[in-house]
Every structure is written in structure tokens, then in C-alpha cells.
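The values are calculated or read from the model by the stated rules, or taken from the named source; none is laboratory data. Just so we're clear, the structure is a prediction, and the values are computed from it rather than from any experiment. Here Cβ is always computed from backbone atoms with ideal geometry, including for glycine, and neighbour counts include all displayed protein chains.
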Amino acid sequence: MYALWGKETESGEVSRNLLNFIRGKIGPEKDELIWPGRSTVPDLPVHDELRELLLQCIQSPSISFNSSDRLRHSVGMGGLDYIKLMEGKGVRVVDAVVYPTEEEIRCLLSKKDERIEIIPYGGGTTVTGGISSSGSRKYAVSLDTAKLDFIRIDPTNNVIEAGAGLRGPKIEEELQKYGLTLGNFPESFHYSTLGGWIATNAAGQESNRYGKIKDMIIGVRMESPTGTYQDRIVPGESAFFKLSDIAVGSEGSFGVITRAWLKVHKKPTRLFYRAYMFKSFEDGIEALRKEFTEGRTPLISRLSDESETEMSLLGARDSLSSNLFKSYVAFRMHHLPGAILIAVSERKEDIKFEGGIGLGSLPSRYWYDERYSRPFIYNELLKRGIVAETIETSALWEKLPVIFRSTKEKFDETTHALGVKGIILCHSSHQYIAGSALYFTFLFYAKENRGEYLQKIRSEIMRNIIIEGGSISHHHGIGNLQSQFLKEYKGNMFELTKEIKDYFDPGKSLVPGILD
Ligand SMILES: Cc1cc2nc3c(=O)[nH]c(=O)nc-3n(C[C@H](O)[C@H](O)[C@H](O)COP(=O)(O)OP(=O)(O)OC[C@H]3O[C@@H](n4cnc5c(N)ncnc54)[C@H](O)[C@@H]3O)c2cc1C
């Protein structure tokens with residue numbers, strides 16, 4: 001099974017300069033591939049008892065016991081998932097994968113069979129362990145929503161009704177025919193699904209304009225062990241909460257979201273691009289705060305810290321124009337480090353930032369054109385034993401500089417104590433009038449104990465973020481990884497959330513572990 005990001009046939013163009021820079025900083029000394037990025041799995045046992053149970057509700061061709069299929073559905077795409085695949089240990093492989101229709105999901109959940117743990121699966125792009133089996137039941141079944149792939153467009157009301165299994169490109173292709181857009185463009189756009197976006201409350205790169213997925217939804221349908229639930233499809237309501245209010249971010253714990261109704265918008269026909277360099281990340285944050293306070297909202301504004309800026313410039317394609325550009329930036333910045341801000345908008349006035357050195361449109365255009373290619377660099381790092389991981393949060397403007405600095409310090413302290421070399425990068429994207437998300441990417445190299453080191457670094461960073469007033473996550477959800485902090489983070493809201501779970505899933509057969 002090909003285990004890395006994207007299709008095996010697409011490698012993405014990865015800069016040699018960048019790879020060498022990373023190796024030079026954290027190792028390994030020798031440029032050696034230790035893993036081909038493929039995982040093999042022996043023929044796994046097939047349980048007749050489970051087959052019989054599933055056949056009570058699901059047609060035989062929609063049930064898979066294929067070993068590779070089962071492995072693919074047992075791991076997400078976070079650092080820990082890749083370490084398990086690289087080292088060939090630690091994955092709890094599911095016992096079956098099913099591809100049911102809405103009716104078949106209803107039937108399966110209504111059985112409330114205590115022997116089965118059911119894990120909804122969209123595109124498997126979770127980076128927080130959202131599709132990992134808890135191993136608490138006799139059998140683990142991955143419920144793939146691929147069959148829920150219809151879309152109906154209602155251009156009069158600017159609404160779509162869409163199946164949860166639809167991936168980003170299909171939704172946008174259909175909307176394009178009407179000059180419309182949903183506006184949700186996560187970096188995982190090509191592989192993640194509508195159901196996954198809702199279950200994790202995802203945020204696309206254009207969230208400044210269109211919001212997170214929760215802002216796009218006007219209703220959902222959900223199948224749960226206690227029945228089928230659905231919202232009334234109206235643009236506004238003031239009667240307690242809607243189902244969509246609790247389905248968003250529920251990570252499959254309350255039920256399987258099978259379809260959703262979402263608002264759509266006229267697609268901009270023209271975009272303007274600008275980039276700026278700030279002396280420091282903190283200066284850039286202040287410029288963003290001013291921009292949003294004054295009511296200007298770029299479609300995309302993404303500010304990289306000094307380390308991410310350095311790596312982005314190194315990672316740019318080796319061409320005459322990009323080399324000239326790099327020399328120009330070095331000259332304008334007097335060869336000092338800086339923080340680059342990429343701004344894109346359909347309105348020119350939204351991308352005029354104060355206090356930065358203007359870099360023209362080239363870096364923003366480049367970033368926009370390459371916006372789905374970044375994960376390919378991680379493929380190359382993983383093949384060399386370098387672990388890449390992300391943690392993201394959000395906070396009020398005044399807290400951002402503290403969280404930024406203290407998280408970087410915590411990372412340095414922890415890697416130092418573990419005796420490994422690492423790099424941590426940060427950017428601000430997804431801004432609001434009240435604050436912004438901060439997205440940390442970190443890399444480290446280790447020959448052994450990679451999983452243990454990663455868990456230690458993750459938990460030190462998470463704890464620090466929570467103490468300093470950040471959110472437990474901004475758009476990656478909770479999964480099995482962040483769930484250990486949920487109780488501490490939510491306070492007595494944690495008990496309320498558990499009560500809601502008990503209502504929908506009293507037998508706790510859906511993704512047990514997350515709310516325990
Ligand atoms: C390279 C990369 C880039 C990414 N970029 C972004 C980004 O820009 N923005 C962002 O928000 N996220 C991003 N992510 C994270 C991930 O893509 C999102 O969390 C996404 O929403 C997951 O969708 P999925 O369909 O892959 O869900 P899965 O990974 O299959 O599942 C995620 C969780 O949702 C549950 N679930 C899935 N479908 C349903 C359903 N129909 N009903 C109930 N529960 C369900 C699963 O049980 C699991 O708990 C990125 C991930 C990667 C690997």
C-alpha cells in the first residue's frame with residue numbers, strides 16, 4: 001500500500017535546497033532513504049461471525065475484508081500514523097471496511113451490536129488520530145462514506161444538498177457550472193470529504209471570506225443508533241439549537257452525518273495578489289490586527305514567521321525569476337530575517353497592509369498556484385526518517401505573541417531534553433476580528449523512539465497552549481490524540497457533551513475513546 005500523501009504517481013516538485021537545509025540543521029548527515037513510503041500487510045484473518053453480522057444490513061459487494069483496504073482505513077495522516085507505518089508496528093487494523101448506502105447505515109447502527117466498534121471514515125486525512133480504532137470491542141469496522149456522493153444544486157436559493165462522502169473537487173466542479181462556490185478549500189481539498197469537514201469543523205484557506213464549515217451549513221442529516229435526525233432547512237432559526245450545531249466537530253461520536261445543506265456564493269472572477277515582508281512575526285500580527293479591526297478582510301492572509309519564511313524562500317522553484325526575487329528580498333531586508341505575508345483577495349483595497357515592505361504580487365501568486373503541493377515535502381522527509389507534525393490553535397490578538405514565543409521555547413526545551421534536533425515553524429492564517437489561528441509545524445530527526453518523542457513534544461506544546469489561553473484546536477479536530485486534553489479544556493462542558501453522546505449512542509459503539 002502506498003502510504004504517503006497524494007498518489008504514488010505524483011511526487012510533487014521538492015526543492016533539493018530545502019531538503020539539504022533541513023538535513024543540515026537536524027540530520028541525518030547522510031542523504032539516505034530508510035523507507036520507500038510503502039507498507040505491506042500480511043493476509044489478515046476474516047471473521048465469519050463479523051461477516052454474518054454485517055450481511056444483515058449491508059450488501060456483500062459493499063463489505064471488504066481486503067488486508068490493504070483494512071490497513072488504509074486504520075491510519076490517518078498525522079506524524080504518529082506515519083511513524084507506525086514506517087516502523088511497521090502499533091496499528092490496530094480494522095476487521096472490515098464497509099461502503100454502505102444511507103439505508104444500510106441506518107440498519108447497521110440500529111442493531112446496536114456490542115461486539116462492534118464503528119468508525120466513520122471520509123477521506124482518512126485526519127491528523128489527530130480521528131479514525132484510529134480504540135480496540136475496545138471484539139471487532140472494529142470502518143464505515144467509508146464513499147457511496148454518499150450525490151449533489152443537488154439549488155441556484156435560486158443559493159443552497160446545495162450534498163452527500164457526506166463527496167470530496168472537494170467534485171463539489172466545486174459542479175458549482176462552477178453555475179458560477180458558484182462553496183468556498184471551503186482546505187489543503188487536503190482533493191482527498192477530504194464533506195462529512196469529514198463537518199465532523200472536524202474544518203477551515204479552508206479562504207475562511208476569512210466564507211467562514212469555517214460550520215458557517216456554511218444550514219442543516220444536516222445524521223444516522224445514529226437511536227434514530228435518524230435532520231434539521232429543517234431554513235436560513236435562520238431561533239429555537240434552541242440545531243442538529244448541525246452539535247454535529248459540527250462531533251468526530252463521528254454522535255452518529256454518521258450522511259448529508260448536509262450548505263450556502264453557496266458567487267465565485268469571484270478576478271483575484272488580486274500582494275505580498276509584504278515584516279521585520280518580525282509580531283509586527284506582522286499587529287498589521288493583521290489593524291487590517292481586521294478596520295473592517296478589511298482579505299480572502300486569504302497568511303503570515304509566516306521568520307523560520308517558515310526562510311524555508312518558503314528556500315523551497316521556491318529554482319528559476320531565474322525566483323532567484324532574482326530572493327536577491328531582491330535579501331537586499332530590501334538588508335539580509336536580515338523577516339516574516340512574509342501573503343494576501344489574496346477579490347477586492348484590491350483588502351490587500352493593502354501598513355508597516356511592511358511591499359514585495360509585489362509574485363510570492364502570493366506562487367503560493368496560491370502551489371497551495372495544494374506543500375505536503376509533498378513531508379513525503380521526502382519521512383522517507384529519510386524525519387518526522388513532520390502540525391499543531392494548531394486560535395487565540396485573541398493580545399495572546400498570540402505570547403503563545404507564539406512560548407510554544408517555540410517549549411519545543412526547543414523539549415527536543416533538547418530528549419536529545420534530538422528539531423525545527424519549529426509557525427504561521428497565522430484564518431483571521432477574525434477578535435484574533436487568529438496559529439499553525440505550528442515541527443520537524444525532528446531520530447533513529448529510534450520516534451513515536452515516544454513525538455507524543456512527548458505534542459503533549460508539552462498542547463499543555464502550554466492551553467495554559468496560555470489558546471484553543472485545543474482550531475480546525476484539525478480532536479481525534480484520539482487531543483482527546484486526552486478535552487476534559488481539562490472543556491471543564492463541566494465535557495460532562496454535557498458526554499450526556500449528548502449518551503443520548504445518540506447509549507451503547508458507545510461509535511468511535512469509543514474520544515469522549516471517555
Ligand atoms: C496534508 C493535510 C492538509 C490538511 N489541511 C487542512 C486544512 O487546510 N484545513 C482543515 O480544516 N484540515 C486540514 N487537514 C486535516 C483534515 O484534512 C481535516 O480534518 C478533514 O476535515 C478530514 O476530512 P476527512 O474526510 O479526511 O475525514 P476523516 O479523516 O476520514 O475523518 C475525520 C474524523 O471525522 C469523522 N467522520 C468522517 N466522516 C464522517 C461522517 N460522515 N459522519 C460522522 N463522522 C465522520 C471520522 O470518524 C474522524 O473522527 C489536513 C490534513 C492533511 C493530511
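If you take the residues in region 360-405 that are in a helix (DSSP H, G or I), aliphatic (A, V, I, L, M) and out of contact with any Asp or Glu (no Cβ under 8 Å at 6 or more places or on another chain), which one is nearest to the ligand (Cβ to nearest atom)?
Of everything passing the filter in region 360-405, 377 is nearest to the ligand (Cβ to nearest atom).
List the number of the failed condition for residue 141; all other conditions in (1) more than 21 Å from the chain's Cα centre (by Cα); (2) more than 13 Å from the ligand (Cβ to nearest atom) hold.
Status for residue 141: all satisfied but (2).
Can we say residue 389 is over 26 Å from residue 31 (Cα atoms) and not assigned by TED's automatic domain parsing to the domain that holds residue 302?
Criteria not met by residue 389.
Here is a list of conditions, (1) in a helix (DSSP H, G or I); (2) over 18 Å from residue 511 (Cα atoms), and residue 81 meets all of them except one; can you say which number that is?
Here residue 81 meets the rest and fails (2).
Taking the criterion of being closer than 24 Å to residue 372 by Cα and more than 12 Å from the ligand (Cβ to nearest atom), would at least one residue in region 116-129 satisfy it?
For region 116-129, residues closer than 24 Å to residue 372 by Cα and more than 12 Å from the ligand (Cβ to nearest atom): absent.
Identify, please: which residue in region 1-56 is in contact with a Leu (Cβ under 6 Å, 6 or more places away or on another chain) and crowded, with 17+ Cβ neighbours inside 10 Å and is, among those, farthest from residue 188 (Cα to Cα)?
By that ranking, first place goes to 41.
Within region 135-156, which residues are more than 30 Å from residue 90 (Cα to Cα) and touching a strand residue (DSSP E or B) at 6+ places or on another chain (Cβ under 9 Å)?
Passing the criteria: 148, 149, 150, 151, 152, 153, 154, 155.
Using beta carbons and a limit of 9 Å, which pairs, at least six apart or on different chains, have the first residue in region 317-336 and in contact (Cβ under 8 Å) with a residue 60 or more places away in the chain and the second one assigned to a loop (DSSP other than H, G, I, E, B)?
Here the result reads 317/13; 317/15; 317/370; 318/15, each pair linking region 317-336 to a residue that is assigned to a loop (DSSP other than H, G, I, E, B).
Given 156, 126, which one is in the same structural domain as residue 221 (by TED's automatic domain parsing) and either part of a loop (DSSP other than H, G, I, E, B) or modelled with pLDDT under 95 (or both)?
Exactly one residue qualifies, and that residue is 156.
Would you mind telling me which numbered condition in (1) in a helix (DSSP H, G or I); (2) buried (at least 16 other Cβ atoms within 10 Å of the Cβ) residue 343 fails?
Of (1) in a helix (DSSP H, G or I); (2) buried (at least 16 other Cβ atoms within 10 Å of the Cβ), only one is false for residue 343: (1).
Can you pull out the residues in region 158-177 that are touching a strand residue (DSSP E or B) at 6+ places or on another chain (Cβ under 9 Å), more than 15 Å from the ligand (Cβ to nearest atom) and touching a residue at least 60 places away in the same chain (Cβ under 8 Å)?
158, 159, 160, 175
Look at region 423-451 and say how many of its residues are more than 22 Å from the chain's Cα centre (by Cα) and more than 22 Å from residue 201 (Cα to Cα).
The qualifying residues number 5.
Quick check on residue 292: is it surrounded by 15 or more Cβ atoms within 10 Å (Cβ to Cβ), more than 16 Å from the ligand (Cβ to nearest atom) and among the hydrophobic types (A, V, I, L, M, F, W, C)?
The answer is yes for residue 292.
Pairs, please: C-beta under 7 Å, at least 6 apart or cross-chain, first residue in the same structural domain as residue 196 (by TED's automatic domain parsing) and in region 240-257, second aliphatic (A, V, I, L, M) and part of a loop (DSSP other than H, G, I, E, B)?
Taking only residues 6 or more apart or on different chains, the pairs are 251/478; 251/511; 251/514; 252/511; 253/511; 253/514; 253/515; 257/164.
Which ones in region 182-217 are under 26 Å from residue 103 (Cβ atoms) and either more than 10 Å from the ligand (Cβ to nearest atom) or in the same structural domain as residue 101 (by TED's automatic domain parsing) (or both)?
If the condition is that a residue be under 26 Å from residue 103 (Cβ atoms) and either more than 10 Å from the ligand (Cβ to nearest atom) or in the same structural domain as residue 101 (by TED's automatic domain parsing) (or both), then 217 is the only one that fits.
Within the bounds of region 218-229, is there any residue that is within 13 Å of the ligand (Cβ to nearest atom), under 28 Å from residue 374 (Cα atoms) and among the hydrophobic types (A, V, I, L, M, F, W, C)?
Among the residues of region 218-229, not one is within 13 Å of the ligand (Cβ to nearest atom), under 28 Å from residue 374 (Cα atoms) and among the hydrophobic types (A, V, I, L, M, F, W, C), which makes the answer no.
Please verify whether residue 135 is of a type outside the set (A, V, I, L, M, F, W, C), assigned to a loop (DSSP other than H, G, I, E, B), closer than 23 Å to residue 481 by Cβ and within 21 Å of the chain's Cα centre (by Cα), treating the condition exactly as stated.
no
Just the residues that are of a type outside the set (D, E, K, R) and in a helix (DSSP H, G or I), please, taken from region 50-69.
Within region 50-69, 50, 53, 54, 55, 60, 61, 62, 67, 68 meet the criteria.
Given the condition among the hydrophobic types (A, V, I, L, M, F, W, C) and part of a helix (DSSP H, G or I), answer yes or no: does some residue in region 30-49 qualify?
No, that holds for no residue.
Somewhere in region 88-107, is a residue in contact with a helix residue (DSSP H, G or I) (Cβ under 8 Å, 6 or more places away or on another chain), away from the ligand (no atom under 15 Å from the Cβ), under 22 Å from residue 484 (Cβ atoms) and touching a residue at least 60 places away in the same chain (Cβ under 8 Å)?
yes
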